[in-house]
Amino acid sequence: MLMATRGITGKELADDLLQGVSSEQMRAATRLLGAHHDGYWLRRFFEDQELADAAGQPILEHAGPHPSIDWNAVGLLLLADSPPARKASSSEVAVLEFAASLVGRAPIQLQRVIHAVDDTEFRLLLRALMAAAYGETH
């Protein structure tokens, strides 16, 4: 099931993927991916079958009434022999790794992440970290 993502903002994609998700860490990670480059990774999750192939399973779970991110699949994707970096910049990969680390699906080297992202991306990471720790209203 592919969803047309054109004409939808990254924030709107994240909101759609968050329906029924109660985990603060998953909410923060998904919102981070929605805010980063207008939902770059979220769009790829919907549109790029290569990502699911590299992970060995679908990245989006369609079991309920709304799709959600399968963070186990994202972790497998980051461990894949053909990582998603093939079509992504180092900062895009760093943001995906950071998001996956918020839900315990990827270890990260913070030094590598902070050197890969710009000031705007760094602020997004900090906001996501705060939301994962204290909730979205903090």
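The values are calculated or read from the model by the stated rules, or taken from the named source; none is laboratory data. Given the structure is predicted, the values throughout are model-derived calculations rather than measurements. Virtual Cβ from ideal backbone geometry, glycine too; neighbours counted across all protein chains shown. Quick note on the areas: whole protein, heavy atoms, side chains included, nothing else; ligands and nucleic acids left out. Shrake-Rupley method; radii C 1.70, N 1.55, O 1.52, S 1.80 Å.
Counting only residues that are open to solvent by 70 Å² or more (accessible area, probe 1.4 Å) and not aliphatic (A, V, I, L, M), segment 33-65 holds 10 of them. Scanning segment 90-124 for residues that are hydroxyl-bearing (Ser, Thr, Tyr) and either touching a Pro at 6+ places or on another chain (Cβ under 6 Å) or more than 16 Å from Leu79 (Cα to Cα) (or both) gives Ser91, Thr120.
Only one of the listed residues (Leu110, Leu102, Leu51, Leu76) is of a type in the set (A, V, I, L, M, F, W, C) and within 12 Å of the chain's Cα centre (by Cα). That residue is Leu102. If you go through segment 77-136 and keep only what is free of Cβ contacts under 8 Å to residues at least 40 places away in the same chain, closer than 19 Å to Gln25 by Cβ and open to solvent by less than 40 Å² (accessible area, probe 1.4 Å), you end up with Leu77, Leu78, Ala94, Glu97, Ser101, Ala106, Val113.
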